[in-house]
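Colleague: Sending over a structure as C-alpha cells; questions will come in a sec.
The values are calculated or read from the model by the stated rules, or taken from the named source; none is laboratory data. Just so it is clear, the model here is predicted, and its values are computed rather than measured. As a convention, Cβ positions derive from the backbone with ideal geometry for all residues, glycine included, and neighbour counts pool all protein chains shown. Protein only, heavy atoms only, side chains kept; ligands, DNA and RNA dropped before computing areas. Shrake-Rupley method; radii C 1.70, N 1.55, O 1.52, S 1.80 Å.
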Amino acid sequence: MKILRDSILLIGSFGLIWALFTYVPVFEDVDVGISMEQEEHLGKVIMETFYDSKTHQRIENNAADSALRKIATRLQTGLGLTEYDYNIILVKDESINAFTLPGGNIVVLTGLMEFAENPEEVASVLAHEMGHVEKRHVVDRLVAEFSLTVLFSVLTGGDGVLLQDILQTLLSQGFSRTQEEEADAYALDLLVKSSVSPRALASFFRRLNTKYGTADDQLEILLSHPAKNSRIKSSLEYKIPEEFEAKDFELDWEKVKASI
Amino acid sequence: MKEYHELPQPEDISIEEREDAMGGYLMMFAALAAGLPLPMLNMIAAVIYYYVNKKKSKFVHFHVAQSVLSQIPTSLLNGVLVFWTIRTFFGDRNFTDNFKGYALAVLVANLAYIGFSIYAAVKARKGEMYYFLLFGRISYNIAFRVRDDERIPKKAINLPPK
C-alpha cells in the first residue's frame with residue numbers, strides 16, 4: 001500500500017509540475033532579440049524590396065483602397081496605444097489572403113476583399129493580422145528561420161537576394177498553430193473594442209470551409225491560416241460583453257467590390 | 001509475514017563497502033552524461049554496475065539497487081523528451097506550451113534526481129542508509145528481505161540409504 005501511495009505521489013508531483021509549466025507562461029516575455037526600432041527598420045527595407053519586385057501591383061485611390069483604410073482606422077482606434085505605426089496596403093492578387101510583414105506592415109490581397117461578404121469580415125482578418133503584429137510573431141518567425149546574425153546583416157545593408165529570400169519566406173510560410181490561436185484571441189478582443197461583431201471571424205472562416213472544403217492545399221489562406229473547426233468554435237464561443245454594440249461601417253460593399 | 005535482515009550500523013560497514021555503495025550514485029552521472037543523446041544507454045551501464053556489486057554486501061546491494069531504480073523514471077522521461085523534440089523539429093516545428101511545460105518538468109525531475117543522488121552518495125560514503133521516495137522502500141525489500149532460499153538451513157543432513 002505504501003508503495004502505491006509513493007508511486008501516486010511521484011507521478012502526481014511530475015504531472016503537477018508539467019501542468020504548472022504548461023499553463024504558467026514561462027517563455028512569453030522572452031526577448032526576441034530584435035528591438036522595436038530594428039524591427040521598424042527591417043520592415044522598411046522589406047517593404048522597399050516588396051515594392052521593387054514589381055510582381056505586386058499596389059491598388060491605391062479607389063473605393064476598395066479607401067474602404068480598407070476606413071476599416072483599418074476603426075481598428076487602430078480600438079487598438080489604442082501601440083508601438084507600431086501601421087501601414088496597411090492593398091495589392092492586386094486573386095488569392096484570398098493577407099500577410100503580416102515586420103514593422104506593422106500588412107498586405108491585404110484583392111481576392112480577400114472580393115470574397116468577403118461585408119466589411120466586418122475584412123475587419124476580422126485585419127484584426128487577426130494585427131494580433132500577429134502586436135504579439136511580434138513575425139519577428140519570432142524571422143528569428144527562427146534566419147539567425148539573428150543574418151537579420152542584423154540585413155539591417156546594416158544586406159544584399160538584395162537575401163532580402164528577397166526573407167520576403168518570400170514571410171509571404172509563403174504560415175505561423176504556428178499556437179501563434180494563430182493567440183492572434184485569433186487578440187482579434188476577437190480588438191473587434192469588440194472596435195465595435196465590430198467578433199462573430200465575423202467565425203463566419204468568414206466558416207464560409208471558406210463551406211466553399212472550399214477543408215482541403216487546406218486548395219486555398220492559400222487556409223494554408224497559412226489553418227481554419228480548423230476548433231478555431232471557428234472558439235470564435236463562436238467568445239463571450240461578447242453585454243454592453244457591446246456593433247457600429248456599421250457605412251460602406252456600399254458591392255460598390256467597393258466592383259472597384260477592384 | 002515479511003522478515004528482514006538486520007540493518008548494518010555505520011561502524012560495521014567497511015570503507016570498501018561504503019565506496020562501492022557511493023560509486024553506484026556517482027557512476028550514474030558519468031553514464032548519464034555519456035548517454036544523454038540516447039538516455040536509455042546509461043541504463044545498460046547502471047545494470048552492469050548493479051550485477052557486479054550486488055553480492056558484495058547487503059548495504060552495497062541496497063544502494064546500487066536504489067541508484068538503478070531511481071534512474072528508470074528520469075531515463076524514460078528523457079527518452080520521451082528526445083523523441084518528442086526530434087519529432088517536432090522534423091515536423092511542423094510547433095513547440096507547443098505543452099511541450100515546453102514537459103521539457104521544464106523533465107529538467108526539474110533531472111535536477112531533483114541529481115540532487116538526491118549526490119545526497120545519497122554522501123550518506124552512503126558515511127555508511128548510512130538513505131531512502132528515496134518509493135525506490136528506497138523497493139530497494140530495502142530487494143536487499144534486506146529474507147528470501148526463501150535463505151531460510152533453509154545450510155548445514156548438511158545425513159539421511160539413511162534409499
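Colleague: What are the extents of the Cα atoms of the stretch B:10-148 along their three principal axes, listed from largest to smallest and rounded to whole Å?
Modeller: So the three principal-axis extents are 59, 30, 23 Å.
Colleague: What number of lysine-lysine pairs in the stretch A:35-258 show an alpha-carbon separation below 15 angstrom, given a sequence spacing of 8 or more or placement on distinct chains?
Modeller: 8
Colleague: Let me ask another. Can you give me the % of accessible surface on the stretch B:10-148 that is carbon or sulfur? Probe 1.4 Å, all protein chains present, nothing else counted.
Modeller: Accessible surface attributable to carbon and sulfur in the stretch B:10-148 totals 69 percent.
Colleague: Sorted by accessible area with a 1.4 angstrom probe, largest first, how do A:Glu129, A:Glu37, A:Glu145 fall?
Modeller: A:Glu37, A:Glu145, A:Glu129
Colleague: Compute the orientation-averaged projected area for the protein assembly as shown from the convex hull of its Cα atoms and round it to one decimal in nm².
Modeller: Orientation-averaged projected area of the Cα hull: 33.1 nm².
Colleague: Ok, one more. Expressed as a rounded percentage, what relative contact order does the stretch A:35-258 have, with Cα pairs under 8 Å and six or more residues apart?
Modeller: Rounded, it is 23 percent for the stretch A:35-258.
Colleague: With a 10 Å radius around each residue's Cβ, average the other Cβ atoms per peptide and rank B:106-114, B:9-17, highest first.
Modeller: B:106-114, B:9-17
Colleague: What is the average number of partner chain Cβ atoms found within 10 Å of a Cβ in A:5-17?
Modeller: 4
Colleague: Here is a follow-up. Hey, got the average number of other protein chain Cβ atoms within 10 angstrom for residues in B:97-103?
Modeller: For this peptide, the per-residue mean of nearby foreign Cβ atoms is 6.
Colleague: Okay, moving on. Out of every Cα pair in the stretch A:35-258, what percent are spaced more than 33 Å from each other?
Modeller: Here the long-distance tail beyond 33 Å is 12 percent of all Cα pairs in the stretch A:35-258.
Colleague: Now for a separate question. Do any trypsin sites (Lys or Arg not before Pro) in the stretch A:129-216 lie in a DSSP loop with no more than 14 other beta carbon atoms within 10 Å, and if so, which?
Modeller: none
Colleague: Give the aspartates and glutamates whose C-alpha is closer than 20 Å to that of A:Lys2, dropping any in the same chain fewer than 8 places away, or say none.
Modeller: B:Glu3
Colleague: Can you send over the solvent-accessible area of B:Asp149, 1.4 Å probe, protein chains only, in Å² to the nearest 10?
Modeller: 90 Å²
Colleague: As a check on your grasp of the helix formula, calculate [θ] at 222 nm for chain B: sum -39500 (n - 2.57) over DSSP H runs of n ≥ 4, divide by the residue count, round to the nearest 500.
Modeller: -22500 deg cm²/dmol
Colleague: Using modelled backbone amide H atoms (1.01 Å from N, in-plane), which distant-in-sequence or interchain residues come within less than 5 Å of A:Ile88's amide H?
Modeller: Result for A:Ile88 returns A:Ile106.
Colleague: Tell me, what ³J(HN,Hα) does each residue in the stretch A:131-136 have, in order and in whole Hz, if you take phi through Karplus 6.51 cos²θ - 1.76 cosθ + 1.60 with θ = phi - 60° and put x for Gly and Pro?
Modeller: Values, residue by residue: x, 4, 5, 5, 7, 6 Hz.
Colleague: I need the fraction of alpha carbon pairs in the stretch B:67-162 separated by more than 21 Å, rounded to a whole percent.
Modeller: Everything past 21 Å amounts to 57 percent.
Colleague: Provide a whole-number value for the mean count of partner chain Cβ atoms within 10 Å of the Cβ atoms in peptide A:86-93.
Modeller: Mean shielding by partner chains, rounded to a whole number: 0.
Colleague: Work out, step by step, the length gained on full extension between B:Leu7 and B:Val108: first 0.36 nm times the residue separation, then minus their alpha carbon distance; give nm to one decimal.
Modeller: 33.1 nm
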